[in-house]
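Shown below is the structure under consideration.
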Amino acid sequence: MGMNTKKTSWDETLLEYLDGSLPPDKLEMVKETLVRSAELSNRLEELKEIVTLLNQTNTDQPSKNFTLQVMQNLGHYAANRQLPIRNGILLLMGVIVAIILSMVLLGSGLFDAPGTINLNEFVTEPKIITQPLPSISLDGKLLVNGIILMNMALAFLIIDRVIFRPWLERRAHEHHEMT
């Protein structure tokens with residue numbers, strides 16, 4: 001790593017030398033080093049070729065109204081990035097199935113008994129942790145109810161994005177065309 005950093009440092013110094021931006025004291029030091037080091041002289045020639053090539057390369061300039069066109073199309077792009085109705089309905093059906101399955105499991109009493117997670121069972125190296133870890137009691141009903149609520153919120157969000165919003169936009173567009 002040290003050699004690579006040294007090379008990068010010399011590259012920067014050589015580029016400053018080519019630009020003519022070295023202070024006089026450093027300029028003399030670089031000239032003396034170039035006389036003594038064939039490797040550094042070769043690197044200077046490589047950098048000269050790179051700089052010459054970059055100066056000869058024509059870069060395409062964007063049109064004068066490029067920024068204006070991009071800014072105008074941003075709103076159009078964001079508006080067209082809606083979830084396709086078919087995909088949205090499939091996603092909504094998956095969320096509804098997850099809600100129903102969770103409710104059936106909750107109603108069957110599967111999560112009635114409170115559970116406990118003993119964190120000491122997960123410690124593989126007892127030398128690292130010397131104190132016993134606490135046990136965490138887990139209420140399965142509360143956990144599943146939380147999952148059901150999150151799925152219901154997701155379902156409402158999907159209904160809004162896939163069904164209601166496109167329908168309202170279509171109605172507004174039709175009303176706008178009529179007037």
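The values are calculated or read from the model by the stated rules, or taken from the named source; none is laboratory data. Predicted model only: the values in this text are computed from it and were never measured. Note that we place each Cβ from the backbone using ideal geometry, even for glycine, and neighbour counts take in every protein chain shown.
When segment 34-72 is examined, which residues are found to be of a type in the set (Gly, Ala, Ser) and either more than 19 Å from Thr13 (Cα to Cα) or not in a helix (DSSP H, G or I) (or both)?
Ser37, Ser63, listed by residue number.
Tell me, which residue of segment 110-147 that is of a type in the set (Asp, Glu) and at pLDDT below 75 is surrounded by the fewest Cβ atoms within 10 Å (Cβ to Cβ)?
Looking at residues that are of a type in the set (Asp, Glu) and at pLDDT below 75, I get Glu125.
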